[in-house]
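Student: Have a look at this one before I ask anything.
The values are calculated or read from the model by the stated rules, or taken from the named source; none is laboratory data. Everything numeric here is computed off the predicted structure, so don't read it as measured data. Here the Cβ positions follow ideal geometry from the backbone for every residue, glycine too, while neighbour counts run over all protein chains shown. Ligands, DNA and RNA are stripped out before the accessible areas are found, and what is left, the full protein with its side chains, is counted by its heavy atoms. Shrake-Rupley method; radii C 1.70, N 1.55, O 1.52, S 1.80 Å.
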Amino acid sequence: MAELAALEDPKARAVNEKHGDDHGVNLSKLRAVAKRLKTQQELARELWVTGDSAARLLALLICRPKAFERVELDIMLREARTPKVQDWLVNYVVKKNPNAEELRVSWFADPDPVVASAGWALTTERVAKKPETLDLAALLDSIEAEMKDAQERLQWAMNHCLAQIGIEHPEYRSRAIAIGERLKVLEDYPTPPNCTSPFAPIWITEMVRRQGK
């Protein structure tokens, strides 16, 4: 914890706080610490219970994803209230855990929009890699009905799913683009030069062009 505190950078914290995160540790330096520590499951658990975001990010880098029980991951997600911690938990740990599908289903229907956003993130992964048993038309129905007024993080996750459906599944592409154009979610999102806009119609069109689909 002292080592993490020494890595604190006020400028990094100021940038991170604009995105809802509450730490000031450069992530490259954090990864260097994790590389030195290697995998240490018990230390990861101890770091997590501190509640400190930098410590939790480090915990997610040195843990064994398959070692967590389903209930444990559910509790961790509900404790992970900052975007970066939630993002790393879902992408680095939950996706590699044998309980990922069960958690996806339960989180997807959760009344807490932040928890539901994790369910949508896992669903987006399935849209791209294992869509066989998903009802893509029903997903589009939900997005069309709920995304416009959804809480910010849930809205972002639903928008990503919308784009992924449009990119990966040509039979739904025109409908996905039409939904994006009608709802206009993230249409005015500030996008740096050489980056693709998260506005679904632009995102879908650009990725399809790049992939030659």
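Student: With a cut-off of 20 Å, note down the residues of segment 172-193 whose backbone N falls inside the zone around a label point 7 Å from the Cα of D149 toward its beta carbon.
Tutor: 179-187
Student: Apply the Debye scattering formula to segment 76-156, with a single equal point scatterer on each alpha-carbon and no solvent, then give log10 I(q)/I(0) at q = 0.23, 0.25 Å⁻¹.
Tutor: Each listed q corresponds, in turn, to -1.19, -1.37.
Student: Using the alpha-carbon atoms, what tilt in degrees (0 to 90, nearest 10) does helix 170-183 show relative to the longest principal axis of the chain?
Tutor: Value to nearest ten degrees: 80.
Student: Taking a cut-off of 26 Å between Cα atoms, list the lysines near K35, but don't count ones fewer than 8 places away on the same chain.
Tutor: Partners found: K11, K66, K84, K95, K96.
Student: Next question. Return the equivalent ellipsoid semi-axes of segment 15-117 as a descending list in whole Å, where each equals the square root of 5 times an eigenvalue of the C-alpha gyration tensor.
Tutor: 22, 18, 10
Student: Roughly how many Å² is the accessible area per residue of the chain, as a whole number, for a 1.4 Å probe?
Tutor: That works out to 53 Å² for each residue.
Student: Extending each Cα 7 Å along its Cβ direction at A128 and E79, get the distance between those two points in nm, one decimal.
Tutor: About 2.8 nm separates the two model spin labels.
Student: Express in % the proportion of alpha carbon pairs of the chain at distances exceeding 28 Å.
Tutor: 35
Student: For segment 2-64, taking Cα atoms only, what is the radius of gyration to one decimal and the Dmax to the nearest whole Å?
Tutor: My reading of the Cα-based Rg and Dmax gives 11.4, 32 Å.
Student: Can I ask one more? Can you give me the three principal axis dimensions of segment 113-183 from its C-alpha atoms, in Å, biggest first?
Tutor: 29, 26, 16
Student: Got a number for carbon plus sulfur as a percent of segment 106-210's accessible area, 1.4 Å probe?
Tutor: 54
Student: For R36 and K184, what is the calculated FRET efficiency with R₀ set at 45 Å and r taken between the beta-carbons, to the nearest 0.05?
Tutor: Efficiency at R0 = 45 Å is approximately 0.45.
Student: What distance in nm separates the two pseudo spin-label positions at S142 and E101, each 7 Å out from Cα along the beta-carbon direction?
Tutor: 1.7
Student: Give the residue list of trypsin sites (Lys or Arg not before Pro) in segment 130-203 that are DSSP loop and have at most 15 other beta-carbon atoms within 10 angstrom.
Tutor: In loop regions of segment 130-203 (DSSP not H, G, I, E or B), the sparsely surrounded trypsin sites (Lys or Arg not before Pro) are K184.
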